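Only one structure is covered here, and it is reproduced in the block below.
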Amino acid sequence: MAFLPDESRALPPPPLLNKGSVWLGFVGWMSALMDNAFNQRPIFRAGIHRQVLLASLGYFVGYQLVKRAEYVHAKADRELFEYIRHHPLDFQSPTEKKRIGQLLEDFYPIR
Amino acid sequence: MRGGVVIVAGEQAKSTAFELLAAPFPPRPLSAFTRSAFVVGKQNNAQPNWLGVGLAFSTSAALWALLVKQHNDDVMEYERRKQVRGHKCTGCS
């Protein structure tokens, strides 16, 4: 199974700034900071190259994962709407939709 | 780093000489993970490993370039397929 099948390219791509990328970039940065902590180095000032690399890697992987997630959701939606289209009898409302004015009692103002 | 089997304190202390010699080479990394001073040298954090720094920054730059390029390719491909589909209604975007 392909990670991103060809038909996924017909979907609008996620924006460059998206939640998955930001979160995984943050996770990568945190793991670099944790590596500094475990090796008893200054947490923020040491290994800037490592922090940048892991954050960039997380950002990149996040983008790919968001694309995959959007594809999976779109596929599920397509199958759902196809099912609804093929079984119209199961999805009819029994009567017309009732208006709220018909449900409430009539209003007689008391002055 | 020397090859051969590394003895983790406690767990493999009862292994016989035969098992030590018969272990496969190179040692399986996860089952023999150790920070023992016999296999790990002392880190020198005072002198930057410039090769590592250069590789890390260049890899980061390459990753960003790849990401931006892929995003632009994705946008173009999406627009192209939208054109091919011939979007007819004018109500939505």
- Task: Collect the residues in the range B:52-93 that are away from chain A (no Cβ under 11 Å) and either of a type outside the set (D, E, K, R) or assigned to a helix (DSSP H, G or I) (or both), keeping them in residue-number order.
- Result: B:69, B:83, B:86, B:87, B:89, B:90, B:91, B:92
- Task: Please verify whether the range A:20-30 includes one or more residues that are more than 9 Å from every other protein chain (Cβ to nearest Cβ) and within 18 Å of residue B:53 (Cβ to Cβ).
- Result: yes
- Message: Condition first: touching a residue at least 12 places away in the same chain (Cβ under 8 Å) and within 17 Å of residue A:24 (Cβ to Cβ). Now tell me which residues in the range A:37-58 satisfy that.
- Response: A:50, A:51, A:53, A:54, A:55, A:56, A:57, A:58
- Considering residues of the range A:7-19 that are more than 9 Å from every other protein chain (Cβ to nearest Cβ) and under 18 Å from residue B:72 (Cβ atoms) only, the residue most open to solvent (accessible area, probe 1.4 Å): A:17
- Task: Identify all residues within the range A:59-95 that are in contact with a Ser or Thr (Cβ under 6 Å, 6 or more places away or on another chain) and either away from every other protein chain (no Cβ under 14 Å) or farther than 24 Å from residue A:30 by Cα (or both); write none if there are none.
- Result: A:71
- Query: When you go through A:80, A:89, A:53, A:103 one by one, which is the residue that is open to solvent by 80 Å² or more (accessible area, probe 1.4 Å), of a type in the set (A, V, I, L, M) and closer than 30 Å to residue A:5 by Cα?
  - Reply: A:80
- Query: Does the range B:50-85 hold any residues that are in contact with a Leu (Cβ under 9 Å, 6 or more places away or on another chain), of a type outside the set (Phe, Trp, Tyr) and open to solvent by 90 Å² or more (accessible area, probe 1.4 Å), and which are they?
  - Reply: B:55
- Query: Given the conditions (1) within 20 Å of residue B:69 (Cβ to Cβ); (2) assigned to a loop (DSSP other than H, G, I, E, B); (3) more than 8 Å from chain B (Cβ to nearest Cβ), and given that residue A:43 satisfies all but one, which numbered condition is not satisfied?
  - Reply: (1)
- Note on the structure: In the range B:64-89, anything over 22 Å from residue A:70 (Cα atoms) and under 30 Å from the mean Cα position of the chain (by Cα) is listed as B:65
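The values are calculated or read from the model by the stated rules, or taken from the named source; none is laboratory data. Because the structure is predicted, anything quoted here is derived from the model rather than measured. Cβ sites come from the backbone with ideal geometry, for glycine too, and all protein chains shown count toward neighbours. Accessible surface areas use protein heavy atoms only, side chains included; no ligands, DNA or RNA. Shrake-Rupley method; radii C 1.70, N 1.55, O 1.52, S 1.80 Å.
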